[in-house]
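Q: Below is a structure I'd like to ask you about.
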Amino acid sequence: MTTNTPDLLTALSCPIPISDYPTVLMAHGGGGSLSQMLIERMFLQAFDNPTLELMHDGAVINLPPAMSEENQGEGTRLAFSTDSFVVNPLFFPGGDIGSLAVHGTVNDLAMCGARPLGLSAGLILEEGLPMDDLWRVVQSMQGAAQKAGVSIVTGDTKVVDRGKGDGVFINTTGIGLIPAGVHVSPLRAQPGDLVLINGDIADHGIAIMSMREGLEFETAIESDSASLNDLVEGVLAAGGEHVHVLRDPTRGGVASALNEIAQKAGVGVQLVEKQIPIQEQVRGACEILGFDPLYVANEGKCIAIVAPEAADEVLAAMRAHPLGENAAIIGEVVAEHPRRVFMRSRIGGLRVVDMLSGEQLPRIC
Amino acid sequence: MKFIDEYRNEAEAQQFVRLIHEVTTQPWTLMEICGGQTHTIIKSGIDRLLPSEITLVHGPGCPVCVTPLELIDKAIAIARRPEVIFTSFGDMMRVPGSDADLLSIKAQGGDVRMVYSPLDAVKLAQQNPERQVVFFAVGFETTAPANAMAVWQAKQLGLDNFSILCSHVLVPPAMEAILGSPLNLVQGFLAAGHVCAIMGYWEYEPIAEKYQTPMVVTGFEPLDLLQGIAMTVQMLEEGRWGVENQYSRAVTREGNVPAQNLMKQVFRACDRPWRGIGVIPASGYCLRAEYAQFDAAERFDVSGIETQESTICIAGEIMQGLKKPHECPAFGTLCTPEKPIGAPMVSSEGACAAYYQYGRIMNPS
């Protein structure tokens with residue numbers, strides 16, 4: 001996966017005169033000239049698009065021609081989603097809070113089968129945040145948005161007193177257009193469907209965890225943070241109506257996502273442990289910490305629940321995409337044990353994969 | 001993954017399952033000592049692969065579970081103090097005291113930190129000379145060497161702001177307590193491999209002899225457990241007793257002698273109350289007089305705290321192999337991971353947590 005490295009991020013230097021304002025001040029959120037400078041020199045320059053440029057109170061988005069009455073076949077439904085990002089550390093192997101905030105909302109839209117039309121960004125900055133860090137975050141947001149083919153068309157900035165934030169909090173909201181013929185919904189999971197995932201699980205959670213706790217492994221574990229809209233387009237092109245459910249297993253991991261689907265659709269899910277792709281070092285980290293990778297967060301993974309007749313095509317479409325090389329069929333939807341997820345263990349035993357209560361905590365020994 | 005996948009091989013697992021079925025001619029009740037083993041058994045579905053004659057009961061080897069409520073209340077009282085940085089392994093964080101757990105103390109503003117090693121707590125004490133750093137030293141013989149090392153280092157460094165709240169417990173006295181009880185059901189033990197890696201298994205030989213009971217030192221991977229069960233059942237079927245070693249890749253009869261020497265230098269055996277079981281003579285470690293200044297219970301004077309255990313929770317009976325988690329009237333109703341009554345429901349090694357998380361709906365109840 002290619003994400004902005006720190007070197008690339010600093011290639012364009014911060015447009016706010018660092019000598020005058022090395023850190024974020026309360027006045028940067030006060031609505032006066034410092035606020036304006038931040039918006040004009042940093043946000044407008046980075047997010048550069050005509051809608052934002054108007055500096056209106058909100059964004060006015062022209063719906064694509066597909067939405068006009070004579071051309072309804074292309075889609076008339078909007079998807080609308082919001083997510084807030086509070087990650088610590090702000091910069092981690094494989095990404096940062098900026099790219100993550102864009103990926104998160106783009107992916108939520110993609111899981112509705114939608115193509116993103118526009119994003120909003122609300123930034124809550126902590127007084128004292130290095131201006132250069134903010135610039136890196138903003139650049140990274142733009143890089144991620146550009147890659148996903150979407151613009152950040154409206155936004156807001158607030159500054160809170162030092163000690164009352166964690167550097168940067170970001171909320172992103174997005175709207176997207178769902179093409180005609182796409183009907184993905186957790187309610188559509190039905191017995192016989194196969195469960196696919198586009199690659200290795202648990203990378204994001206373990207990358208964050210190892211950085212936060214100072215755990216060192218032989219090679220750095222990178223977050224999988226990425227926009228999935230392009231991959232999902234391929235999945236939908238290959239599977240069409242046969243793609244029943246899409247879900248990104250973020251917080252709570254694959255286990256929680258599948259439990260939610262099983263409960264909503266009133267079906268059972270049966271996983272096969274040895275078919276679930278996971279990197280060696282991530283598995284190793286989970287073994288050391290006593291974590292179950294099924295409950296660890298992902299930020300660039302998509303679970304697709306697909307009718308069996310289309311599973312091979314969808315799997316091939318995933319594998320043809322750079323974000324899906326390790327895609328696999330990891331289980332199936334069953335009529336037995338409705339609203340429950342079971343898993344066949346590596347040694348052939350059967351266990352329940354329940355919803356997690358609270359966070360996983362590292363064990364004693 | 002090396003040293004993991006070899007012990008999760010389905011074909012070999014099935015060979016052991018067949019062997020166990022072949023040699024079993026009558027009902028046997030086996031106890032695995034360690035909560036880590038309980039979790040492997042339930043998580044990989046081993047209990048469901050065994051012949052119906054074999055009953056596995058789950059032993060007291062979950063350090064969090066056997067820590068008395070009173071000590072948790074003392075920990076909470078210390079953690080509430082403003083001058084204290086209270087450090088603990090992760091799985092102690094959610095264990096309920098009488099009116100709070102450590103995570104909720106953190107939420108209320110207490111400085112409670114999760115560490116991965118007691119030596120990290122020593123470092124914290126060095127970095128924060130104006131604060132008192134306390135480490136919650138729970139665990140069996142497995143964690144005792146590292147805790148002994150932390151106290152030893154603190155003494156060498158002359159740290160007067162480091163102490164441990166000590167609740168160390170020992171396996172052999174607990175085994176004797178179980179075997180010596182008139183209610184005992186256990187006919188063979190899977191001894192805890194990690195404990196034996198430190199202590200060896202010479203201590204177990206006189207117990208096995210006295211109670212004419214087979215004991216097999218067993219590891220933690222699915223194949224380890226299946227082989228350990230097969231060896232124990234074979235001994236029972238042949239009418240043999242004594243100690244055999246399945247986990248020879250990590251355990252010798254003598255154990256880790258330098259670690260034992262360090263433990264002897266810092267700790268002495270003392271009577272210790274076990275949650276739900278009561279006081280077992282000489283079943284714990286306390287700090288020796290030379291190290292008494294590192295005893296947090298003395299430093300913060302929490303001797304006034306006296307707490308009664310819940311009358312609903314049957315943790316004591318479960319950990320003596322007299323009952324199974326789902327036989328508790330509170331299991332899954334009054335007592336859940338969200339609202340635990342007893343520690344075995346929240347610890348990552350607790351039998352109740354294992355039943356709830358991995359096996360809940362497969363139990364007959």
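Q: Can you find a residue in the range B:67-79 that is farther than 24 Å from B:Glu327 by Cβ, within 14 Å of chain A (Cβ to nearest Cβ) and of a type in the set (Lys, Arg)?
A: no
Q: So how many residues does the range A:307-353 have that are out of contact with any Pro (no Cβ under 9 Å at 6 or more places or on another chain), within 14 Å of chain B (Cβ to nearest Cβ) and not small (Gly, Ala, Ser)? Don't jump to the end; show me each part of the working.
A: First pass over the range A:307-353, keeping only residues out of contact with any Pro (no Cβ under 9 Å at 6 or more places or on another chain): A:307-325, A:329, A:331, A:337-344, A:348, A:350-353.
So of that shortlist, the ones also within 14 Å of chain B (Cβ to nearest Cβ) come out as A:337-344, A:348, A:350-353.
Applying the additional criterion that residues be not small (Gly, Ala, Ser) yields A:337-344, A:350-353.
So the answer is 12.
Q: Has the range B:89-102 got at least one residue that is buried (at least 24 other Cβ atoms within 10 Å of the Cβ) and either closer than 19 Å to B:Phe294 by Cα or outside the structural domain of B:Tyr291 (by TED's automatic domain parsing) (or both)?
A: Yes, the range B:89-102 has at least one match.
Q: Name the residue that is surrounded by the fewest Cβ atoms within 10 Å (Cβ to Cβ), counting only residues in the range A:122-153 that are closer than 18 Å to A:Val87 by Cα and free of Cβ contacts under 8 Å to residues at least 60 places away in the same chain.
A: Selected residue: A:Gly122.
Q: Being among the hydrophobic types (A, V, I, L, M, F, W, C), within 14 Å of A:Ile221 (Cα to Cα) and not in a helix (DSSP H, G or I) is the filter here; which residues of the range A:264-311 pass it?
A: Residues of the range A:264-311 that are among the hydrophobic types (A, V, I, L, M, F, W, C), as a first pass: A:265, A:267, A:269, A:271-272, A:276, A:278, A:282, A:285-286, A:288-289, A:291, A:294, A:296-297, A:302-307, A:310-311.
Retained after the next criterion (residues that are within 14 Å of A:Ile221 (Cα to Cα)): A:278, A:282, A:285-286, A:296-297.
Scanning the range A:264-311 gives A:Ile278, A:Val296, A:Ala297.
Q: Sort out which residues of the range B:333-348 are crowded, with 19+ Cβ neighbours inside 10 Å and assigned to a loop (DSSP other than H, G, I, E, B), and write them in order of number. Before the answer, list the steps.
A: Residues of the range B:333-348 that are crowded, with 19+ Cβ neighbours inside 10 Å, as a first pass: B:335, B:337, B:340-348.
Once the filter is applied, which keeps residues that are crowded, with 19+ Cβ neighbours inside 10 Å and assigned to a loop (DSSP other than H, G, I, E, B), the range B:333-348 yields B:Pro337, B:Pro340, B:Ile341, B:Gly342, B:Val346, B:Ser347, B:Ser348.
Q: When only residues in the range A:303-350 that are modelled with pLDDT under 95 and among the aliphatic types (A, V, I, L, M) count, which is surrounded by the most Cβ atoms within 10 Å (Cβ to Cβ)?
A: So the residue we want is A:Ile347.
Q: Given (1) within 14 Å of chain A (Cβ to nearest Cβ); (2) in a loop (DSSP other than H, G, I, E, B); (3) touching a helix residue (DSSP H, G or I) at 6+ places or on another chain (Cβ under 7 Å); (4) not basic (Lys, Arg), where does B:Glu306 come up short, assuming only one miss?
A: Every listed condition holds for B:Glu306 apart from (1).
Q: Within the range A:1-28, can you find the residues that are under 24 Å from A:Gly143 (Cβ atoms) and modelled with pLDDT of 65 or more? Before the answer, list the steps.
A: Looking only at the range A:1-28, we keep the residues that are under 24 Å from A:Gly143 (Cβ atoms), and these are A:1-18, A:21-24, A:28.
Within the range A:1-28, A:Leu12, A:Ser13, A:Cys14, A:Pro15, A:Ile16, A:Pro17, A:Ile18, A:Tyr21, A:Pro22, A:Thr23, A:Val24, A:His28 meet the criteria.
Q: Related question: Could you please find all residues in the range B:310-342 being touching a residue at least 60 places away in the same chain (Cβ under 8 Å) and away from chain A (no Cβ under 12 Å)?
A: Across the range B:310-342, the qualifying residues are B:Ser310, B:Ala315, B:Ile318, B:Met319, B:Gln320, B:Gly321, B:Leu322, B:Lys324, B:Pro325, B:Ile341, B:Gly342.
Q: Determine whether B:Ile207 is out of contact with any strand residue (DSSP E or B) (no Cβ under 8 Å at 6 or more places or on another chain), β-branched (Val, Ile, Thr) and buried (at least 18 other Cβ atoms within 10 Å of the Cβ). Outline the logic, then answer.
A: Details: out of contact with any strand residue (DSSP E or B) (no Cβ under 8 Å at 6 or more places or on another chain): no; β-branched (Val, Ile, Thr): yes; buried (at least 18 other Cβ atoms within 10 Å of the Cβ): yes.
No; evaluated as a whole, the condition is false for this residue.
Q: Among the residues of the range B:35-49, are any over 26 Å from B:Gly193 (Cβ atoms), more than 19 Å from the chain's Cα centre (by Cα), part of a helix (DSSP H, G or I) and within 13 Å of chain A (Cβ to nearest Cβ)? Step through it out loud before you land on a result.
A: Of all residues in the range B:35-49, those over 26 Å from B:Gly193 (Cβ atoms) come to none.
Looking through the range B:35-49, none of the residues is over 26 Å from B:Gly193 (Cβ atoms), more than 19 Å from the chain's Cα centre (by Cα), part of a helix (DSSP H, G or I) and within 13 Å of chain A (Cβ to nearest Cβ).
Q: Something else about it: For the list (1) surrounded by fewer than 21 Cβ atoms within 10 Å (Cβ to Cβ); (2) at negative phi; (3) away from chain A (no Cβ under 11 Å); (4) not in a strand (DSSP E or B), I need the number of the one condition that B:Thr55 fails.
A: Status for B:Thr55: all satisfied but (4).
The values are calculated or read from the model by the stated rules, or taken from the named source; none is laboratory data. Every value quoted in this text rests on a predicted model; they were computed, and no experiment measured them. As a convention, Cβ positions derive from the backbone with ideal geometry for all residues, glycine included, and neighbour counts pool all protein chains shown.
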